[in-house]
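Let me begin by presenting the structure, written as C-alpha coordinates, before commenting on it.
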Amino acid sequence: MDEQQSTRSAWPDPPNYYKRYTSENLELLKQSKKSGVFPEQPINKPSVPEFQLQALEPPLPPTDEYTVFDQKWQINDRLPTLQELGVKQIYPHDDAIDRVQELKKLNRSLIVQYLDLLDVLEKNPSEYGKHIENISTILLNMHHILNAYRPHQARETLRLLMEHQLAKKRQQTAELRAKSKEALDFLQGL
(Lines give C-alpha, C1' and ligand atoms only; values in the text may rest on other atoms or scores of the structure.)
Protein backbone atom coordinates (compact mmCIF):
# COMPACT_ATOMS: atom_id res chain seq x y z
CA MET A 1 0.00 0.00 0.00
CA ASP A 2 1.30 3.44 -0.90
CA GLU A 3 2.26 5.61 2.08
CA GLN A 4 0.93 8.72 0.35
CA GLN A 5 -2.54 7.29 0.00
CA SER A 6 -5.09 8.75 2.40
CA THR A 7 -6.47 6.32 4.98
CA ARG A 8 -8.64 8.81 6.84
CA SER A 9 -11.62 8.57 4.51
CA ALA A 10 -14.36 6.00 4.96
CA TRP A 11 -14.12 5.41 1.20
CA PRO A 12 -10.43 5.87 0.36
CA ASP A 13 -9.19 6.59 -3.14
CA PRO A 14 -8.16 3.61 -5.26
CA PRO A 15 -4.52 2.56 -5.02
CA ASN A 16 -2.16 4.76 -7.01
CA TYR A 17 -1.17 1.97 -9.40
CA TYR A 18 -4.49 2.35 -11.26
CA LYS A 19 -2.78 5.22 -13.09
CA ARG A 20 -0.56 2.64 -14.83
CA TYR A 21 -3.51 1.39 -16.90
CA THR A 22 -3.48 4.01 -19.61
CA SER A 23 -4.56 3.17 -23.14
CA GLU A 24 -0.96 3.70 -24.27
CA ASN A 25 0.41 1.22 -21.70
CA LEU A 26 -2.32 -1.33 -22.44
CA GLU A 27 -1.58 -1.09 -26.15
CA LEU A 28 2.12 -1.59 -25.41
CA LEU A 29 1.24 -4.64 -23.29
CA LYS A 30 -0.93 -6.03 -26.09
CA GLN A 31 1.90 -5.66 -28.60
CA SER A 32 4.42 -7.23 -26.21
CA LYS A 33 2.12 -10.19 -25.62
CA LYS A 34 1.75 -10.71 -29.36
CA SER A 35 5.50 -10.61 -29.94
CA GLY A 36 6.30 -12.47 -26.71
CA VAL A 37 9.04 -9.97 -25.87
CA PHE A 38 8.61 -7.56 -22.97
CA PRO A 39 10.83 -4.48 -22.72
CA GLU A 40 13.71 -4.74 -20.23
CA GLN A 41 13.61 -1.12 -19.08
CA PRO A 42 10.84 -0.10 -16.68
CA ILE A 43 8.14 2.30 -17.76
CA ASN A 44 8.68 5.68 -16.18
CA LYS A 45 5.95 8.34 -16.24
CA PRO A 46 5.94 11.53 -14.18
CA SER A 47 2.67 10.78 -12.35
CA VAL A 48 3.40 7.10 -11.62
CA PRO A 49 6.48 5.46 -10.06
CA GLU A 50 8.36 3.30 -12.54
CA PHE A 51 7.15 -0.26 -13.09
CA GLN A 52 7.73 -3.23 -15.36
CA LEU A 53 5.24 -3.78 -18.17
CA GLN A 54 4.52 -7.32 -16.92
CA ALA A 55 3.01 -5.75 -13.78
CA LEU A 56 -0.05 -4.82 -15.88
CA GLU A 57 -0.83 -8.51 -16.41
CA PRO A 58 -3.39 -9.80 -13.91
CA PRO A 59 -2.12 -12.62 -11.71
CA LEU A 60 -3.22 -16.16 -12.48
CA PRO A 61 -6.12 -17.36 -10.34
CA PRO A 62 -5.07 -19.81 -7.62
CA THR A 63 -5.69 -23.45 -8.43
CA ASP A 64 -4.80 -25.42 -5.29
CA GLU A 65 -4.04 -23.03 -2.46
CA TYR A 66 -3.60 -19.35 -1.71
CA THR A 67 -1.84 -17.40 1.01
CA VAL A 68 -3.45 -14.74 3.19
CA PHE A 69 -1.45 -13.13 6.00
CA ASP A 70 1.23 -15.85 5.70
CA GLN A 71 -1.30 -18.65 6.18
CA LYS A 72 -1.97 -21.15 3.41
CA TRP A 73 -5.62 -21.91 2.59
CA GLN A 74 -6.90 -24.67 0.31
CA ILE A 75 -9.24 -23.82 -2.57
CA ASN A 76 -11.20 -27.02 -2.04
CA ASP A 77 -11.67 -26.98 1.69
CA ARG A 78 -11.31 -30.59 2.75
CA LEU A 79 -9.98 -32.36 5.79
CA PRO A 80 -6.64 -34.02 5.02
CA THR A 81 -6.33 -37.63 6.06
CA LEU A 82 -4.12 -38.59 8.96
CA GLN A 83 -1.76 -40.34 6.52
CA GLU A 84 -1.34 -37.05 4.62
CA LEU A 85 -0.51 -35.37 7.93
CA GLY A 86 2.01 -38.09 8.78
CA VAL A 87 0.09 -39.41 11.79
CA LYS A 88 -0.70 -43.05 12.52
CA GLN A 89 -4.46 -43.68 12.35
CA ILE A 90 -5.65 -45.70 15.34
CA TYR A 91 -9.37 -45.95 14.64
CA PRO A 92 -10.79 -47.94 11.66
CA HIS A 93 -10.46 -46.44 8.18
CA ASP A 94 -14.16 -46.93 7.47
CA ASP A 95 -16.25 -43.76 6.93
CA ALA A 96 -19.29 -45.37 8.56
CA ILE A 97 -17.75 -45.60 12.02
CA ASP A 98 -19.64 -44.74 15.16
CA ARG A 99 -17.78 -41.56 16.12
CA VAL A 100 -19.10 -41.53 19.68
CA GLN A 101 -17.91 -45.08 20.36
CA GLU A 102 -14.53 -44.42 18.75
CA LEU A 103 -14.07 -41.25 20.81
CA LYS A 104 -14.94 -43.16 23.99
CA LYS A 105 -12.38 -45.86 23.10
CA LEU A 106 -9.73 -43.27 22.35
CA ASN A 107 -10.53 -41.44 25.58
CA ARG A 108 -10.06 -44.64 27.58
CA SER A 109 -6.78 -45.30 25.77
CA LEU A 110 -5.71 -41.74 26.52
CA ILE A 111 -6.39 -42.21 30.24
CA VAL A 112 -4.46 -45.50 30.27
CA GLN A 113 -1.52 -43.90 28.44
CA TYR A 114 -1.55 -40.97 30.86
CA LEU A 115 -1.47 -43.31 33.85
CA ASP A 116 1.36 -45.28 32.22
CA LEU A 117 3.23 -42.02 31.70
CA LEU A 118 2.85 -41.14 35.36
CA ASP A 119 4.10 -44.59 36.32
CA VAL A 120 7.12 -44.29 34.01
CA LEU A 121 7.91 -40.80 35.31
CA GLU A 122 7.91 -42.18 38.83
CA LYS A 123 10.07 -45.25 38.12
CA ASN A 124 12.26 -44.37 35.13
CA PRO A 125 11.88 -40.75 33.95
CA SER A 126 14.24 -41.14 31.01
CA GLU A 127 11.72 -43.35 29.11
CA TYR A 128 8.89 -40.83 28.93
CA GLY A 129 9.26 -40.08 25.17
CA LYS A 130 7.37 -43.11 23.87
CA HIS A 131 4.41 -42.40 26.15
CA ILE A 132 4.29 -38.73 25.16
CA GLU A 133 4.29 -39.78 21.50
CA ASN A 134 1.42 -42.25 22.13
CA ILE A 135 -0.61 -39.57 23.92
CA SER A 136 0.02 -37.16 21.07
CA THR A 137 -1.10 -39.73 18.49
CA ILE A 138 -4.29 -40.49 20.43
CA LEU A 139 -5.10 -36.78 20.77
CA LEU A 140 -4.49 -36.16 17.05
CA ASN A 141 -6.81 -39.06 16.18
CA MET A 142 -9.49 -37.65 18.50
CA HIS A 143 -9.16 -34.22 16.91
CA HIS A 144 -9.40 -35.74 13.45
CA ILE A 145 -12.65 -37.54 14.30
CA LEU A 146 -14.08 -34.32 15.74
CA ASN A 147 -12.96 -32.26 12.74
CA ALA A 148 -14.61 -34.73 10.37
CA TYR A 149 -17.86 -33.96 12.16
CA ARG A 150 -17.53 -30.14 11.71
CA PRO A 151 -19.50 -29.83 8.42
CA HIS A 152 -22.46 -31.61 10.00
CA GLN A 153 -22.18 -29.38 13.06
CA ALA A 154 -22.12 -26.27 10.87
CA ARG A 155 -25.25 -27.39 8.96
CA GLU A 156 -27.11 -28.12 12.21
CA THR A 157 -26.08 -24.79 13.71
CA LEU A 158 -27.27 -22.99 10.59
CA ARG A 159 -30.56 -24.91 10.64
CA LEU A 160 -31.18 -23.99 14.29
CA LEU A 161 -30.29 -20.36 13.62
CA MET A 162 -32.71 -20.19 10.69
CA GLU A 163 -35.48 -21.83 12.74
CA HIS A 164 -34.91 -19.27 15.51
CA GLN A 165 -35.05 -16.39 13.00
CA LEU A 166 -38.23 -17.80 11.46
CA ALA A 167 -39.93 -18.12 14.87
CA LYS A 168 -38.88 -14.56 15.76
CA LYS A 169 -40.26 -13.17 12.48
CA ARG A 170 -43.52 -15.07 12.95
CA GLN A 171 -43.85 -13.60 16.45
CA GLN A 172 -43.15 -10.09 15.14
CA THR A 173 -45.69 -10.57 12.34
CA ALA A 174 -48.33 -11.71 14.84
CA GLU A 175 -47.62 -8.67 17.02
CA LEU A 176 -47.91 -6.34 14.01
CA ARG A 177 -51.20 -7.90 12.99
CA ALA A 178 -52.56 -7.53 16.55
CA LYS A 179 -51.50 -3.86 16.69
CA SER A 180 -52.95 -3.26 13.23
CA LYS A 181 -56.27 -4.84 14.24
CA GLU A 182 -56.27 -2.77 17.43
CA ALA A 183 -55.64 0.43 15.41
CA LEU A 184 -58.41 -0.43 12.92
CA ASP A 185 -60.85 -1.12 15.77
CA PHE A 186 -59.93 2.22 17.33
CA LEU A 187 -60.44 4.06 14.02
CA GLN A 188 -63.82 2.39 13.48
CA GLY A 189 -64.86 3.45 17.01
CA LEU A 190 -64.26 7.09 16.11
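The values are calculated or read from the model by the stated rules, or taken from the named source; none is laboratory data. What you see is a predicted model; the values in this text were computed from it and never measured. With ideal geometry, Cβ positions are generated from the backbone for all residues, glycine too; neighbour counts draw on all protein chains shown. Keep in mind that these areas ignore ligands, DNA and RNA; they rest on the heavy atoms of the full protein, side chains included. Shrake-Rupley method; radii C 1.70, N 1.55, O 1.52, S 1.80 Å.
Within segment 49-99, the chymotrypsin sites (Phe, Trp or Tyr not before Pro) that combine a DSSP coil assignment with at most 13 other C-beta atoms in a 10 angstrom radius are 69. Loop-located trypsin sites (Lys or Arg not before Pro) across segment 43-97 with a Cβ neighbour count of 15 or fewer within 10 Å are 78, 88, with loop assigned by DSSP.
Relative contact order for the chain: what is it in percent, counting Cα pairs under 8 Å that are at least 6 residues apart?
Worked out over the chain, it gives 11 percent.
Measuring r between the beta carbons of residue 47 and residue 27 and using R0 = 25 Å, the FRET efficiency lands at 0.90.
Between residue 170 and residue 34, residue separation times 0.36 nm minus the direct Cα-Cα distance comes to 42.7 nm.
Think of it as helices only: each DSSP H run of n ≥ 4 in the chain is worth -39500 (n - 2.57), and spread over all residues that comes to -18500 deg cm²/dmol at 222 nm. Within the listed set 153, 74, 31, the residue fluctuating most in the Gaussian network model of the chain (springs between alpha-carbon atoms under 10 angstrom) is 31. Using a 10 Å Cβ count of at most 10 others and DSSP loop calls, identify the longest part of the chain lacking such GluC sites (Glu not before Pro). Value returned for the longest uninterrupted segment is 41-190. What a 1.4 Å probe finds exposed on segment 1-62 is 55% carbon and sulfur by accessible area, rounded to a whole percent. Determine the shape class of segment 1-62: with a ≥ b ≥ c the square roots of the Cα gyration tensor eigenvalues, call it rounded for a/c under 1.5, and otherwise prolate if a/b is greater than b/c, oblate otherwise. Verdict is prolate for segment 1-62. Note on residue 103/residue 157: beta-carbon distance plugged into 1/(1 + (r/R0)^6) with R0 of 22 Å gives a FRET efficiency of 0.65.
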